[in-house]
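Take a look at the structure below.
The values are calculated or read from the model by the stated rules, or taken from the named source; none is laboratory data. Source: prediction; values computed, not measured. Cβ placement follows ideal geometry from the backbone for every residue including glycine, while neighbour counts extend to all protein chains displayed. Quick note on the areas: whole protein, heavy atoms, side chains included, nothing else; ligands and nucleic acids left out. Shrake-Rupley method; radii C 1.70, N 1.55, O 1.52, S 1.80 Å.
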Amino acid sequence: MPTIAIVGAGPQLGLAIARTYGTHGYDVALIARNRTKLEGLAGELAAEGITAAAFPADVLDRAALTQALKDAAARFGGIDVLEYSPVAGAQTVMTTPAATEPADVQHEMEFQLYGAIAATRAVLPAMREAGAGTLLFTTGAGSVDPVPQVANVNAAAAALRNWVINLHKELDGTGVQAAHVAINVSIGTPAVPGFPTAQPEEISPGYWELHTTRRDQAELVFSL
């Protein structure tokens, strides 16, 4: 069975992506910090007939993240799709451009860009050898059109976007697809009054399309 590894798996978008791929016959490797929550998600998927397993790791711990992906590949016989979408949450203090210190960006760079690079290095060699695979990386739409209230987060997200699009160019013709997904909505519940909100099930089909019918596309911006 083919396998998707979801880094930053949670009960909203991560679970929806797992269901989207699982209903197409994919096994699911769930990676995030909290083992208990991951095992709960795996159980939920199992009840729906989807094979899933938990591989706890913090994306800030490069060795643990790499090992989790290696363990997932060993458990399922390889990783065909990597989706990277961890959320820093309360760990991040938002700053405006003028108030931003280098340290304000550094944490987000560690979390978004450097974690994505580490995850990619763990799975890409096998994909290149096989001549097939998909690498998907998620940010907010501030990576494309930044807003002053979250300047430090947007800066790191833009760095990740740049790297992913460049990776897409490098992998052209290899059979491996790399793409960036920018989400321009609140997911599940409104985060900001008046800002559009979408359910995760509305967003997740785009990840399947990038893997199947839009393999020449380097970026998908989801908005309402």
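The table that follows gives values for the structure above.
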quantity	calculated
Acute angle (nearest 10 degrees) that the helix 115-130 long axis makes with the longest principal axis of the chain, alpha-carbon atoms	30 degrees
Full-extension gain in nm, residue 101 to residue 44, via 0.36 nm per residue minus C-alpha separation	16.4 nm
By average C-beta atoms within 10 angstrom, highest first, the peptides 203-214, 164-175, 3-14	3-14, 203-214, 164-175
Other-chain or far-sequence residues with amide H under 5 Å of residue 82's (modelled H)	5, 134, 135, 136
Segment 117-164 - convex hull of alpha carbons, volume per residue in Å³	68 Å³
Overall Cα dimensions of segment 95-214 - principal axes, largest extent first, Å	45, 34, 19
Cα pair distances in the chain, grouped into 5 Å bins until the bin that holds the longest one, percent each	1, 7, 15, 20, 21, 18, 11, 5, 1, 0, 0
Accessible area of segment 119-171 divided out per residue, in Å², using a probe of 1.4 angstrom	45 Å²
Tail weight of P(r) past 22 Å, computed on alpha-carbon pairs of segment 34-127, percent	39 percent
In degrees, nearest ten, helix 62-76 long axis to first principal axis of the chain (Cα)	30 degrees
Mean residue ellipticity (222 nm) of the chain, computed from DSSP H runs ≥ 4 via -39,500 (n - 2.57), nearest 500	-13000 deg cm²/dmol
13 Å tail of the calculated P(r), segment 1-46, as % of Cα pairs	46 percent
Stokes-Einstein D in µm²/s, Kirkwood radius over Cα pairs - segment 147-220 at 25 °C with 0.890 mPa s viscosity	176 µm²/s
Cβ-derived FRET efficiency at R0 25 Å, residue 199 paired with residue 92, nearest 0.05	0.55
Under the Karplus curve 6.51 cos²θ - 1.76 cosθ + 1.60, θ = phi - 60°, whole-Hz ³J(HN,Hα) for segment 40-53, x wherever Gly or Pro sits	x, 5, 4, x, 4, 5, 4, 5, 9, x, 9, 6, 9, 9
Portion, in percent, of the accessible area of the chain that falls on carbon or sulfur, probe 1.4 Å	54 percent
Most positive-pole-ward Cα, 5, 85, 126, against dipole of the chain from beta carbon charges	126
